[in-house]
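Got a structure here, written out as structure tokens. Questions coming.
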Amino acid sequence: MSAASGRALGVALLASLLAIPADAQDSSVPATEPNEHAAAVTVKFVGGAILALALHETGHLVFDGVFAAQPRMEAIRFGPFPFFAVTHRSGMPPREEFAISSAGFWMQEATDEWFLTRRWCRDTAVGCSFRDDRTWLAKGMFAFNLLNSVGYALVAFAKAGPTERDTRGMADAIGVDERAIGVVILAPAVLDAYRYFRPNSRVAVWMSRGVKIGSMLLVLRSR
């Protein structure tokens, strides 16, 4: 698992980027509400990040339950930072291990896909993109998902961090180098970030979806 402080810092840095409107001259983009104070926006954004973390862990717990993996909370350390991990019993079959370790990312990617494809700004005739809407809770979730994937990918590339990390479990389950899993985790995050800023790019849409589907099909590689 990534350090809590690192996640929080990453989400805060990305917030400034996600707040930039796509086109200041577009009349379909709703103006910021006069009573939308910075404190309220911050609370919504951070609340979204917390909700996304909860959904990530819920993904693990769902598959833990499906495979009777006896999930439990375990205190771990990432360098000097104390944190926790939702872990499960050892000795799981490779296919089940891969699904459990991947489930948090699957949850993130499904959530992001919904954010990037639904119609926002329902109070306008033409709607708008996710970037244009002032939905700070959803943007907090999206920011967390992107930064969490980037953080995990960097840890996978370095082969560092606690042994309970998801990328190590995925790599061991299908018998590949953990750095390959880092690419699998990083690619959809990069593509979805691009889609946020370029919502009309059909190439990015289908590349992103293809990578996500491909990452799920890796479960078939495990035995």
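Please treat every number below as a calculation from the coordinates, not as lab data. As the structure is a computational prediction, the values presented were derived from the model and not from experiment. Cβ placement follows ideal geometry from the backbone for every residue including glycine, while neighbour counts extend to all protein chains displayed.
Check residue 128: other-chain or 5+ apart residues with amide H under 5 Å from its amide H, H built from backbone geometry?
For residue 128, whose amide H was placed from the backbone, the distant partners under 5 Å are 120, 121.
Quick check: net charge around residue 149, other residues with Cβ under 10 Å of its Cβ, Lys/Arg +1 and Asp/Glu -1?
Once all neighbours under 10 Å are counted, the net charge is -3.
By its C-alpha gyration tensor, with a ≥ b ≥ c as the square roots of the eigenvalues, how is the range 124-223 shaped: rounded for a/c under 1.5, else prolate for a/b larger than b/c, else oblate?
Because a/c hits 1.5 or more and a/b exceeds b/c, the range 124-223 counts as prolate.
Using mean Cβ contacts within 10 Å as the protection proxy, how do 201-214, 151-164 order, highest first?
151-164, 201-214
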